[in-house]
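This report concerns only the one structure given below.
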Amino acid sequence: MQKGRAGVYVFLENGVPVHVGRTRNLGERLRGHISKSHFSASFAFKRTRAVHGKTATYLTKGSRRDLLNDPDFKETFHQQVQLVKGMTVLFVEVTDPVQQYLLELYAHLEFGLPLDEFDTH
């Protein structure tokens, strides 16, 4: 994997697209997705929230740090990181950020994935 490759990537679980993202640095981003950091491994964290029925909050209670104080949640998070690590990744190199955004949106729509990641925070 080349450092610095920009584009759009897709995670496949058992051949089914489950996550689409875009990046300026593919190698760094993919390493982040399988790290133990709840900030970098955002896809695994999102899956963990879903398993535990927790929605995103911008309060101290229910924050990422707060949720990881729960041993069950933390264990599920580590399991999800391992699942993401085993997924197939497809990548299309796209350097223009606007084209990246449009391709990411198109992929979400084409694969029937939720658009909740397009909301601003």
Query - Efficiency of FRET between VAL98 and THR55 - r from beta-carbon atoms, R0 30 angstrom, step 0.05 - result: 0.50
Report summary line: Whole-Hz Karplus couplings 3J(HN,Hα) for segment 73-88, θ = phi - 60° and coefficients 6.51, -1.76, 1.60, Gly and Pro as x, run 4, 4, 4, 4, 4, 5, 5, 5, 4, 5, 5, 4, 4, x, 6, 7
Query raised in the report: How far, in degrees from 0 to 90, does helix 97-111 lean away from the longest principal axis of the Cα atoms of the chain, to the nearest 10?
Result: 70
Query raised in the report: Do any chymotrypsin sites (Phe, Trp or Tyr not before Pro) in segment 51-89 lie in a DSSP loop with no more than 15 other beta carbon atoms within 10 Å, and if so, which?
Result: TYR58
Query - Partner lysines for LYS46 [C-alpha distance under 25 Å; skip if fewer than 8 residues away on the same chain] - result: LYS36, LYS54, LYS61, LYS74, LYS85
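All of the numbers you see were taken from the coordinates with simple rules; none came from a lab. Note that the coordinates shown come from a computational prediction; the quantities given were computed from them, not determined experimentally. Cβ atoms come from the backbone with ideal geometry, glycine included; neighbour counts cover every protein chain shown.
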